Amino acid sequence: MARETRTELYRFSPLVFLVVVFSAFFLQAYVPFYVPAASLLDLPLLAVIYFALSRRNPSTGLILGLVVGVAQDALTHHPIGQYGMAKTLVGFAASWVGIRLETEQPVARLLLVLGFFLLHQVIFGGVEWLLLGRPAPLLNLQTLEAALVTALLGVLAFRLLDRFRQSA
Amino acid sequence: MRAFLERHPHLALLVASLFVQLLLLAYQIKTENEIRLLRVWAVTLLTPIEKVADFVVDGTGALWNRYIALYNVEQENQALRAELEQAQLRLHSLEARAAEAEQLAALLALKQNRPQEPLLAAEVIGSTAAATSHTVFINRGRGDGLRRNMVVLTPAGIVGKITQAFPGAAQVLLITDRTSGVGAMLAGSRVQGVVKGTGTSQCRLDYVPVEENVPVGSLVLTSGQDQLFPKGFPIGTVSSARRGQYFHEIVVTPTARLSQLEYVFVYAGAPEGAARPAEGNGRN
């Protein structure tokens with residue numbers, strides 16, 4: 001891992017961005033029909049984390065998280081803003097980390113996705129608890145399993161997405 | 001603020017986006033009472049401010065009204081005092097008239113209850129100038145047919161008798177005068193005696209044997225034995241009774257308010273020639 005001066009910025013074609021995000025939503029919606037356990041994954045979150053880490057711009061990262069999160073809220077029964085707030089914070093945090101750390105290594109990516117997934121769950125659960133008055137366990141074994149699977153999937157997906165990025 | 005925005009644009013954007021989403025959430029979420037969370041927050045946030053503002057405004061208003069804006073209070077105070085004094089004078093006047101009307105009504109009732117007895121109403125116009133003499137003057141005199149020894153009374157009880165009849169006025173000797181004596185009897189036991197004046201506001205009842213029971217509070221009536229005062233008029237009530245060697249020493253408080261007489265009746269049924277002084281047997 002290295003400081004910001006040694007990290008590299010990447011750009012993506014808008015088409016890649018749109019295809020990736022839509023694919024994440026599509027897969028998130030239809031895969032659980034065939035593999036129920038896949039409902040524990042959060043593929044749009046992976047997209048946010050990847051683009052935020054790569055772009056290394058907090059504003060871009062938080063706006064990306066905001067857009068993806070609000071879109072996810074719109075596709076669920078949750079009030080608009082619940083996923084939005086969680087993914088906004090994750091997008092900001094991922095960009096902030098991407099500026100300061102080298103995030104190209106698989107292990108680093110694994111740990112980062114794992115951490116951001118848990119952070120996302122904590123924020124999401126916190127909003128549900130504080131605003132909706134529905135206390136729920138923020139972290140449990142199932143969440144940890146989902147975080148680990150999402151992190152492993154993220155390492156693979158990030159490697160695939162690296163093919164579509166361009167140096168800024 | 002601007003410096004913060006320029007120095008931390010990403011953080012400012014993060015806070016703004018979170019804030020907007022928070023408001024959006026609060027707008028969508030409703031409490032158990034179907035009130036939007038945003039409204040609850042707004043009310044919760046604004047209520048203390050409104051309370052503080054209300055406190056400040058009220059306090060300022062009270063401070064102004066009670067301590068600063070008092071330039072008219074002195075005049076208003078004086079006007080109110082003058083108005084209060086006038087009202088008190090008017091009240092006293094009305095109270096006096098009410099008392100007067102009450103007395104007149106009592107006198108009228110007395111006259112109506114004794115239609116066969118010649119009662120002449122009179123007003124007390126003055127009292128004696130000497131402390132040792134319990135007499136008053138009334139505004140009726142010889143010209144009205146009054147004669148010496150005519151009985152003067154009120155609805156509450158007897159007052160005394162006329163000692164001097166002038167053309168336009170008459171002098172009345174009160175039953176409390178030392179020289180006064182009235183034939184009396186106890187209302188309950190009908191035991192007779194003589195009520196004599198003591199020179200004070202009270203009288204005494206003499207010649208009641210010690211064998212007789214004399215309860216305090218007993219009513220003392222005229223007995224008519226003196227052939228001056230008609231029988232059955234109240235004289236007073238027994239205030240105290242103490243056994244003497246042969247007779248009781250009984251103190252009687254007149255039922256007529258002799259110190260506050262204003263209107264009286266003159267019992268004109270006892271002409272001067274028929275009246276007899278109450279000397280000897282306790283009679284005046």
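Provide a single number: the residues in the range B:19-45 that are buried (at least 17 other Cβ atoms within 10 Å of the Cβ), within 10 Å of another protein chain (Cβ to nearest Cβ) and of a type in the set (A, V, I, L, M, F, W, C).
As a first pass, look at the range B:19-45 and keep what is buried (at least 17 other Cβ atoms within 10 Å of the Cβ): B:21-22, B:24-26, B:28-29, B:37-38.
This time we only want the ones that are within 10 Å of another protein chain (Cβ to nearest Cβ), so: B:21-22, B:24-26, B:28-29, B:37.
Add one more test, that the residue is of a type in the set (A, V, I, L, M, F, W, C), and what stays is B:22, B:24-26, B:29, B:37.
Total satisfying the criteria: 6.
Search the range A:121-141 for residues being farther than 19 Å from A:PRO44 by Cα and away from every other protein chain (no Cβ under 14 Å), and hand back the single one that is surrounded by the most Cβ atoms within 10 Å (Cβ to Cβ).
Across the range A:121-141, the extreme among qualifying residues is A:LEU138.
Going through B:ARG66, B:ARG97 one at a time, which residue ends up being within 24 Å of the chain's Cα centre (by Cα), surrounded by 10 or more Cβ atoms within 10 Å (Cβ to Cβ) and among the basic types (Lys, Arg)?
Matching residue, one of B:ARG66, B:ARG97: B:ARG97.
Given the conditions (1) closer than 16 Å to B:SER17 by Cα; (2) among the aromatic types (Phe, Trp, Tyr); (3) more than 10 Å from chain B (Cβ to nearest Cβ), and given that A:TYR83 satisfies all but one, which numbered condition is not satisfied?
Going through the list (1) closer than 16 Å to B:SER17 by Cα; (2) among the aromatic types (Phe, Trp, Tyr); (3) more than 10 Å from chain B (Cβ to nearest Cβ), A:TYR83 breaks only (3).
Of these, B:ALA3, B:ALA16, which one is at pLDDT 85 or above and loosely packed, with under 13 Cβ neighbours inside 10 Å?
Values: B:ALA3 fails: at pLDDT 85 or above.
When all the criteria are applied, what remains is B:ALA16.
Conditions tested, residue by residue: (1) assigned to a strand (DSSP E or B); (2) buried (at least 23 other Cβ atoms within 10 Å of the Cβ); (3) at pLDDT 90 or above; (4) not acidic (Asp, Glu).
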position	(1), (2), (3), (4)
B:THR179	no, no, no, yes
B:ARG190	no, no, no, yes
B:LYS196	yes, yes, yes, yes
B:SER201	no, no, no, yes
B:ARG204	yes, no, yes, yes
B:VAL216	no, no, yes, yes
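Can you name every residue in the range B:87-121 that is modelled with pLDDT of 75 or more and basic (Lys, Arg)?
Matches in the range B:87-121: B:ARG90, B:ARG97.
Quick check, is B:GLU32 of a type in the set (Asp, Glu) and modelled with pLDDT under 85?
Criteria met by B:GLU32.
Across the range B:219-247, what is the total count of residues that are surrounded by fewer than 21 Cβ atoms within 10 Å (Cβ to Cβ) and of a type in the set (Ser, Thr, Tyr)?
Total satisfying the criteria: 4.
Kindly evaluate A:PHE51 against the criterion of being at pLDDT below 90, surrounded by 18 or more Cβ atoms within 10 Å (Cβ to Cβ) and aromatic (Phe, Trp, Tyr).
no
Can A:PHE92 be described as surrounded by 17 or more Cβ atoms within 10 Å (Cβ to Cβ), away from chain B (no Cβ under 12 Å) and among the aromatic types (Phe, Trp, Tyr)?
Taking the combined requirement at face value, the residue does not satisfy it.
Kindly evaluate A:LEU144 against the criterion of being surrounded by 11 or more Cβ atoms within 10 Å (Cβ to Cβ) and more than 19 Å from A:LEU89 (Cα to Cα).
yes
How many residues, within the range A:42-60, are within 13 Å of another protein chain (Cβ to nearest Cβ) and either under 19 Å from A:LEU110 (Cα atoms) or in contact with a Cys (Cβ under 6 Å, 6 or more places away or on another chain) (or both)?
Going through the range A:42-60 one residue at a time, the tally reaches 3.
Consider A:ALA71 against the criteria (1) in contact (Cβ under 8 Å) with a residue 12 or more places away in the chain; (2) more than 14 Å from chain B (Cβ to nearest Cβ); (3) of a type in the set (Gly, Ala, Ser): it satisfies all of them except one. Which criterion is unmet?
Checking A:ALA71 against (1) in contact (Cβ under 8 Å) with a residue 12 or more places away in the chain; (2) more than 14 Å from chain B (Cβ to nearest Cβ); (3) of a type in the set (Gly, Ala, Ser), the one that fails is (2).
The values are calculated or read from the model by the stated rules, or taken from the named source; none is laboratory data. Since the structure is predicted, the reported quantities are computational estimates derived from the model, not experimental observations. Reconstructed Cβ throughout: ideal geometry from the backbone, glycine too, with neighbour counts over all protein chains shown.
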